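Structure record follows, encoded as structure tokens.
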Amino acid sequence: MKKILLVDSPGATIVNEQSFLNRANVTLFTARSGKEAIRIYREQLPDIVIVDFNLSDMSGPELCEEIFAIKRCPVLMIIEKGDNGAIRRCKKAWVDDFIFKPVNQKEIIRKVGTLLSIPQREDFRILMKVRVEGRREGNFFMGNTIDISTSGTLLETHHKEIDVGDRLECSFFLPWKLKAVTIRGQAARKVKGKESFQYGIRFFELDPTLKEEIRDYIKKKEKIEDL
């Protein structure tokens, strides 16, 4: 399992963390300062570090110097577009790659995948929040989706009885349909939040027509978001 350390300042989240949590083979650690990042780095020895150039207590290149003294790993630096001085400092600090703000989620996933040799997913997740009626072994629960792809969805619910490996049925209305669809799936991962749980649901035997409809919906949403 790959480990990613994401470092940015409080109130200035540079990346939608869910984009990494959607990968079953990745564990994400977050730090809000260079000092906290060094502590986590020493304890976890992540496979890659994604860091904002401007931190609250040090610069990104200064953090690189500190962590490289512990162990070398790939670093992806987030910098302001057109900041040539930052680019020069990144290269001097032996940063492996950089990406400009505002961060494009697809691009950062692609670059992380390249640096870690992670195969890229065929499909891409898009935000979609709709109500869900679920069933697990005859027990019903309510929740909502957070995103969707042709391979699965991220489900948020207060129901805590779901475990990784459990098989579920989820019924919900899709934005382009007038009736609810029922999709079978399996809980691939579980994340406990402050007041709820999030479950990564992997779809089973998705109807080919529905799969194509989801793919078309994602393409349309991507075009709108890129405008």
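The values are calculated or read from the model by the stated rules, or taken from the named source; none is laboratory data. Keep in mind that this is a model prediction, so the values were computed, not measured. FYI the Cβ positions are ideal-geometry reconstructions off the backbone, even for glycines, and counts take in every protein chain you see. For the accessible areas, the whole protein counts, side chains as well, though only heavy atoms, and no ligand, DNA or RNA atoms are used. Shrake-Rupley method; radii C 1.70, N 1.55, O 1.52, S 1.80 Å.
Here the simple spin-label model places points 7 Å from the Cα toward Cβ, and for Phe204 and Phe173 these points are separated by 2.8 nm.
Compute for the chain: radius of gyration divided by Kirkwood radius, i.e. Rg/Rh, restricted to C-alpha atoms, rounded to two decimals.
With Rg and the Kirkwood Rh in hand, the quotient comes to 1.02.
Result for the chain in a Gaussian network model with C-alpha springs under 10 Å: among Met128, Met58, Met77, the largest mean-square fluctuation is at Met58. Which one, Lys190, Lys129, Lys106, has the greatest fluctuation when you compute a Gaussian network model over the chain with C-alpha springs under 10 angstrom? Sorting by GNM fluctuation, first place goes to Lys106. Per-residue ellipticity at 222 nm, computed for the chain from helices alone with -39500 (n - 2.57) per DSSP H run of at least four residues, works out to -8500 deg cm²/dmol. Each Lys and Arg contributes +1 and each Asp and Glu -1, all at the Cβ; summed about the Cα centre of region 106-203, the dipole is approximately 180 debye. Taking the longest Cα principal axis of the chain as reference, the axis of helix 105-116 is set at about 70 degrees. Within the accessible area of region 73-227, the carbon and sulfur atoms contribute 51%, probe 1.4 Å, all protein chains present. Annotated for region 20-98: lysine pairs at least 8 residues apart or interchain, Cα distance under 19 Å, count 5. In the context of the full set of protein chains, region 56-190 has a per residue accessible area of 56 Å² (1.4 Å probe).
Any idea what the dipole of region 35-144 comes to, in debye rounded to 20, about its Cα centre with Lys/Arg Cβ at +1 and Asp/Glu Cβ at -1?
The dipole magnitude comes to about 220 debye.
Here the contact order of the chain, divided by its residue count and restricted to Cα pairs under 8 Å and six or more residues apart, works out to 13 percent.
Please get the size of the charge dipole for the chain, origin at its Cα centre, with Cβ charges of +1 on Lys and Arg and -1 on Asp and Glu, quoted in debye to the nearest 20.
Magnitude of the dipole: close to 140 debye.
Within region 159-227, the proportion of C-alpha pairs whose separation exceeds 14 Å stands at 68%. Between Ser149, Ala187, Asn139, the Cα set farthest toward the positive side of the dipole of region 128-195 (charges on each charged residue's Cβ, about the Cα centre) is that of Ser149. Remark: C-alpha extents of region 93-210 on the principal axes read 56, 34, 24 Å, sorted largest to smallest. Among Arg202, Arg32, Arg42, whose mean-square fluctuation peaks in a Gaussian network model of the chain (Cα, cutoff 10 Å)? Greatest mean-square fluctuation among the candidates belongs to Arg42.
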